[in-house]
Structure formats: structure tokens, C-alpha cells
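The structure appears below as C-alpha cells.
The values are calculated or read from the model by the stated rules, or taken from the named source; none is laboratory data. In this text, all values refer to a predicted model and were calculated from it rather than measured experimentally. With ideal geometry, Cβ positions are generated from the backbone for all residues, glycine too; neighbour counts draw on all protein chains shown.
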Amino acid sequence: MSPVSVLLVDDSASQRAVIAHRLEKGGFEVAVAIDGEDCLRVLGELRPDIVLLDVVMPGIDGWETLDRIRQTNGVPVIMLTARAEEIDRVRGLRAGADDYIGKPFQQDELEARIEAVMRRADLGRRDALTGLSNRRTFDEHLDSMLAQERKTGQPFALVIFDIDHFKSINDTQGHPEGDRVLQDVARIAARQLRAGEQIFRIGGEEFGIVIPGDGKTGVLVAERVRAAVQDEPREPRLPTLSAGVASFPHDATTREALFQAADLALYAAKQGGRNAVSLAA
Ligand code: GH3
Ligand code: MG
Ligand code: MG
């Protein structure tokens, strides 16, 4: 089995050196980032098994970094910080952290927690091929958006993407190339997202994006993603995408109905010739 890869995010060079050294001695593979922005940049390039994230950092702090990671990425995150008051720990767990360790910590506790988090979090919430959050996380996210926006009345849009004629890539270029296409599409789509927007792998070659705003906003985002994948300079060329968009509360007010409305719109985009975005009627 390959070693567990850790991305260590800490603005203190001395802390980074000490923790990285200990982890490497423990058999982990370690990459480092010097602050939140650097962490997000590195996550665009590497796919670590787990992120150890400092909270107090200049620029975007650990909380905001965690928010931004969770837009696109189901990677397990352990918050690692001197600020480990109960209120901080609770905030971290609620914000989508998988665990919380106060500094200073014992080396064996850190390793044991990394192993425990990987057993728990990674399998259930994250898609192993693309690194995106998976269907289960998507369902939970939609439920929590619905609960929140029923109170505030703010609209949000659901986009479902489906890769066009994807089966023919597996059939003609082989399953491994099909897998690479899925990874590339996921990465390019994730790159198009802005604050508050989140992407998930919800099926074999289907992706869901949840967007604050109405159906028109959803169509704009979907169109941006569709165009980005189409325009990607890659050989062989990537397949095109079709998308269906539906919004809360305009088209539906439950998860099932919203999903169904977006799926029907997707079906219309496919029927209309594919490589298109369609808004729920
Ligand atoms: P359409 O334009 O109508 O969407 O056609 P399609 O070929 O994309 O749709 P279809 O649902 O017939 O095929 C989807 C294929 O995706 C079938 C399945 O084998 C493949 N697939 C699902 N998950 C994976 C995966 O993880 N890796 C690879 N390589 N293929 C996958
Ligand atoms: Mg499909
Ligand atoms: Mg398809």
C-alpha cells in the first residue's frame, strides 16, 4: 500500500519543519503549504489523503480555508491549532472539519487521529476517483440548504451535469482513459466555481453543482462550466456536457422534487442534441 499523503498547512516555518519531520519519520508522505491561499493552490495540483490545517494564519484563516476546500473537495481535514477551546472545536466540527487537535500534541496521538479520520471520513463522504464530495454528501448538503433557505427564503439552484456519450470513450479508448476524462472534467468544472458554489460527483458520469441564486444564475454557471470543458486544450479532446437546471423554491421545495426537475431539464438538453444547458420548464 502506498504511504498516506498529508498536506500540512501552517504559517510558521518552525512548526512546519517539526511536524513534517515527525510525520515523515512515522512513514507519512508530507507536502506543505504556507497559508490558506497556498493550501487551495496545492489542492488544485495534488490529491493528498488528508489535510492538517492550522487555524490562525495571515490572509484567509483556517476557517475560511476550510469553507473554500469544502466547495470542491471531500478530502478529510484535521484542524491543528493552539486555539483548542471547546468553542473552537465545536466550530471546527460544524464547519466540516473531521477532527481537531490542540497544540502541543503527542506524535502518536496525531498519527492515531489521522488513521482514525481516514477510516471514518474518507470512505463515506468522498469520491476516490475525482476527490470530489460524493452522492451521500450531496444529499446531505441539499437537505441542509433546503432547511436553511426555507427559513430565509433565499433561492438556490441545482445543476446536474451528465457527460455526453461517455460510454463510447470507455468502449473505444478503454476504461482507464474514461477514468482520466472523469478526473479532468471534475477538475475543470471545480475551477469554474466561485464563493458559495459547490460541486459533487453524484453518479458514474454525473456531477451536481449547488449555487446560491435563482435558475438564471444556475444557467450562467452551468454554461460557464460547459464552455470550459469544451474549450479545454487536451488531446484527445474531452467529451461535451449536457446540463439540467432547477431552482428552489421556483421549481420545487423538496430534495426529491428538485432533483427530478433538474433531471427532466437534463433529459430535455439530451433530447435537444446534447452539449447544452436546459432550465426546468
Ligand atoms: P448520454 O450522452 O446519453 O449520457 O450517453 P452516455 O454514454 O454518457 O450514457 P450511459 O449512461 O449509457 O453511459 C454511462 C457510462 O459511464 C456507463 C458506465 O460504464 C460509465 N461509467 C460509470 N462510472 C464510471 C467510472 O468510474 N469510470 C469509467 N471509466 N466509466 C464509468
Ligand atoms: Mg448518465
Ligand atoms: Mg452520459
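Data table
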| quantity | calculated |
| --- | --- |
| Only one of Asp143, Asp139 that is surrounded by fewer than 13 Cβ atoms within 10 Å (Cβ to Cβ) and in contact (Cβ under 8 Å) with a residue 40 or more places away in the chain | Asp143 |
| Test: residue in segment 262-276 that is within 22 Å of the chain's Cα centre (by Cα) and surrounded by fewer than 24 Cβ atoms within 10 Å (Cβ to Cβ) | yes |
| Test: residue in segment 226-240 that is in contact (Cβ under 8 Å) with a residue 40 or more places away in the chain, among the hydroxyl-bearing types (Ser, Thr, Tyr) and in contact with a helix residue (DSSP H, G or I) (Cβ under 7 Å, 6 or more places away or on another chain) | yes |
| Residues of segment 234-245 that turn out to be within 13 Å of ligand 1 (Cβ to nearest atom) and over 13 Å from Asp184 (Cα atoms), as a count | 3 |
| Test: residue in segment 113-130 that is assigned to a helix (DSSP H, G or I) and either within 16 Å of ligand 3 (Cβ to nearest atom) or of a type in the set (Ser, Thr, Tyr) (or both) | no |
| Residue list for segment 204-233, filter: within 16 Å of ligand 1 (Cβ to nearest atom), out of contact with any Leu (no Cβ under 7 Å at 6 or more places or on another chain) and charged (D, E, K, R) | Glu206 |
| Odd one out for Pro176 among (1) more than 19 Å from Ala276 (Cα to Cα); (2) under 20 Å from the mean Cα position of the chain (by Cα); (3) part of a helix (DSSP H, G or I); (4) of a type outside the set (Gly, Ala, Ser) | (2) |
| In segment 184-198, residue farthest from His165 (Cα to Cα) [restricted to those that are away from ligand 2 (no atom under 16 Å from the Cβ) and surrounded by 15 or more Cβ atoms within 10 Å (Cβ to Cβ)] | Glu197 |
| In segment 157-180, the residues that are closer than 18 Å to Gln271 by Cβ and either polar (S, T, N, Q) or more than 6 Å from ligand 1 (Cβ to nearest atom) (or both) | Val159, Ile160, Phe161 |
| Which numbered condition Ala121 fails, given (1) under 30 Å from Val18 (Cβ atoms); (2) touching a Pro at 6+ places or on another chain (Cβ under 7 Å); (3) at pLDDT 90 or above | (3) |
| Yes/no for Thr130 being within 16 Å of ligand 1 (Cβ to nearest atom) and modelled with pLDDT under 95 | yes |
| Matching entry among Phe207, Phe156 (being in the same structural domain as Glu256 (by TED's automatic domain parsing), within 16 Å of ligand 3 (Cβ to nearest atom) and either within 21 Å of Gly124 (Cβ to Cβ) or of a type outside the set (Ser, Thr, Tyr) (or both)) | Phe207 |
| So Ala116, is it surrounded by 15 or more Cβ atoms within 10 Å (Cβ to Cβ), not acidic (Asp, Glu) and not assigned by TED's automatic domain parsing to the domain that holds Leu258 | no |
| Evaluation of Ser168 against (1) loosely packed, with under 15 Cβ neighbours inside 10 Å; (2) more than 16 Å from ligand 2 (Cβ to nearest atom) (one fails), failing number | (2) |
| Qualifying residues in segment 53-98 (those that are at pLDDT 90 or above and assigned to a strand (DSSP E or B)) - the one nearest to Val210 (Cα to Cα) | Val77 |
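The rows are residues; the columns are (1) surrounded by 13 or more Cβ atoms within 10 Å (Cβ to Cβ); (2) under 24 Å from Glu140 (Cα atoms); (3) touching a residue at least 60 places away in the same chain (Cβ under 8 Å); (4) not aromatic (Phe, Trp, Tyr).
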| site | (1), (2), (3), (4) |
| --- | --- |
| Val55 | yes, no, no, yes |
| Gly59 | no, no, no, yes |
| Trp63 | yes, yes, no, no |
| Leu66 | yes, yes, no, yes |
| Arg70 | yes, yes, yes, yes |
| Met79 | yes, yes, no, yes |
